[in-house]
Amino acid sequence: MPNHFVAFWNLENLFAPEGFAGREPWIAQAVAGDLNGWTQALFDTKIHQLASIIRQMNGSLGPDILGVCEVENAFVLQQLTARLNAQIATRNYTVVHVDSTLDQRGIDTAFLYDAAKYTVDPTAIFSHFVMRRTGTRDITQATFITQAGRELIALVNHWPSRSAPTGFGAEYSSGFRATAGETLAYWHQRIREEKGADASVIALGDFNDDPFDSSLAIHALALRERGDVVRARTAKFYNLAWNYLAQRVTDSRGNPRDLDGTLYFGGNGNLFDQILISRPLLTGAGGLTAVEQSARVETFPEMVSHRVGEGPIRFGLPKGDVARNVNQDGFSDHFPVSVEIEEALLS
């Protein structure tokens with residue numbers, strides 16, 4: 001097994017049940033129509049479905065660190081970790097979470113991690129706001145300290161969506177994601193300045209753009225060419241998502257096929273869910289080395305639609321009509337992604 005198994009998953013609208021007493025009033029108003037019919041039973045089923053996939057990762061040991069997005073609050077994360085801890089005897093998952101006050105629906109980014117494997121410095125948890133004309137989703141940063149004392153600095157992202165008024169395409173919102181890319185690149189550089197050139201940094205998330213889009217390739221400095229990152233004297237990322245392209249999957253009916261994306265929209269696949277690593281994670285300069293060929297999309301057959309032009313089987317939200325809008329055999333509208341990281345022995 002790898003020393004460290006790091007994954008990311010967009011959990012697709014993981015909200016607490018309708019009428020949840022701890023819901024902030026402004027969030028209740030923003031999502032009220034979506035949660036009509038979102039009962040405790042449906043919420044419990046959603047938690048069960050998510051946990052059934054997470055626990056299969058890493059050879060059925062579950063990930064060591066899991067970045068997530070589209071979660072409402074700490075409550076839903078605690079319900080998920082409780083389910084996972086009950087099902088995986090070797091794990092003691094806990095949560096790194098900062099409430100977003102800017103996203104229009106109140107959805108957050110966060111980490112689940114095994115507290116038996118890592119300590120987290122509470123003074124090194126940051127929420128980096130991505131500003132546009134109005135506030136938008138944040139980037140959560142945490143430092144995970146291994147048992148050998150090495151630091152893995154992780155940033156989990158959920159960049160602004162591609163939604164646009166009728167008649168406009170992705171270009172309407174592309175500037176918002178360019179801003180998110182610049183924000184990520186800025187903090188990558190600041191980490192390097194504070195921690196040194198050998199800082200092991202991993203950025204993962206739902207970027208709502210493909211690896212070749214300018215928000216990633218230009219603004220976030222997330223490159224395809226390994227050598228360009230290794231030779232760089234500034235803070236650049238190597239984008240491991242390019243490694244997904246050779247992957248094959250088996251769908252829920254046992255049929256093999258090519259992998260076209262981590263999510264599908266309008267019959268087309270997109271690689272929006274990506275893992276970016278700093279130069280030290282390529283070279284091992286900080287004692288941690290990403291196993292490049294291990295970067296993959298987690299596509300367990302039960303979550304892969306057999307329908308042409310579809311990928312993950314989504315769970316959905318009721319939006320007032322449970323029968324039409326919820327599939328209790330579903331999971332999320334995104335596949336998870338993962339990478340293994342090896343740690344050098346101390347001399």
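For the subset of the stretch 180-218 comprising residues that are in a loop (DSSP other than H, G, I, E, B) and aromatic (Phe, Trp, Tyr), which member is farthest from the chain's Cα centre (by Cα)? Checked the stretch 180-218; the qualifying residue farthest from the chain's Cα centre (by Cα) is 212.
Of all the criteria given as (1) closer than 14 Å to residue 248 by Cα; (2) among the charged types (D, E, K, R); (3) more than 17 Å from the chain's Cα centre (by Cα), the one not satisfied by residue 296 is (3). Of the set (1) surrounded by 17 or more Cβ atoms within 10 Å (Cβ to Cβ); (2) closer than 22 Å to residue 51 by Cα; (3) free of Cβ contacts under 8 Å to residues at least 60 places away in the same chain, all apply to residue 273 but (3). Only one of the listed residues (312, 336) is crowded, with 21+ Cβ neighbours inside 10 Å and touching a His at 6+ places or on another chain (Cβ under 8 Å). That residue is 312. Among the residues that make up the stretch 169-179, is at least one of them of a type in the set (Val, Ile, Thr), within 18 Å of the chain's Cα centre (by Cα) and either buried (at least 21 other Cβ atoms within 10 Å of the Cβ) or not in a loop (DSSP other than H, G, I, E, B) (or both)? The answer is no; no qualifying residue exists. Residue check: is residue 160 modelled with pLDDT of 95 or more, within 25 Å of residue 211 (Cα to Cα) and in a loop (DSSP other than H, G, I, E, B)? No.
Annotation note: Cβ proximity below 7 Å between a residue of the stretch 64-88 that is farther than 22 Å from residue 3 by Cβ and a residue that is of a type in the set (D, E, K, R) and modelled with pLDDT of 95 or more (sequence gap 6+ or interchain) occurs for 69/206; 70/12; 87/55. Could you check, for the stretch 228-243, whether at least one of its residues is under 28 Å from residue 107 (Cβ atoms) and without any contact (Cβ under 8 Å) to a residue 24 or more places away in the chain? No: the stretch 228-243 contains no residue that is under 28 Å from residue 107 (Cβ atoms) and without any contact (Cβ under 8 Å) to a residue 24 or more places away in the chain. Can you tell me which residue is modelled with the lowest pLDDT among those in the stretch 90-140 that are in a strand (DSSP E or B), over 19 Å from the mean Cα position of the chain (by Cα) and over 20 Å from residue 31 (Cα atoms)? By that ranking, first place goes to 131.
Results for (1) within 16 Å of residue 275 (Cβ to Cβ); (2) out of contact with any Pro (no Cβ under 8 Å at 6 or more places or on another chain), shown as yes or no for each residue.
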| site | (1), (2) |
| --- | --- |
| 187 | no, yes |
| 192 | no, yes |
| 205 | yes, yes |
| 217 | yes, no |
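For the residues 66, 80, 50, 84, the requirement of being within 18 Å of the chain's Cα centre (by Cα), of a type in the set (A, V, I, L, M) and not in a helix (DSSP H, G or I) singles out 66.
The values are calculated or read from the model by the stated rules, or taken from the named source; none is laboratory data. Remember, predicted model here, so these are calculated numbers, not experimental data. No Cβ is skipped: glycine too gets one built from the backbone with ideal geometry, and neighbour counts run over all protein chains shown.
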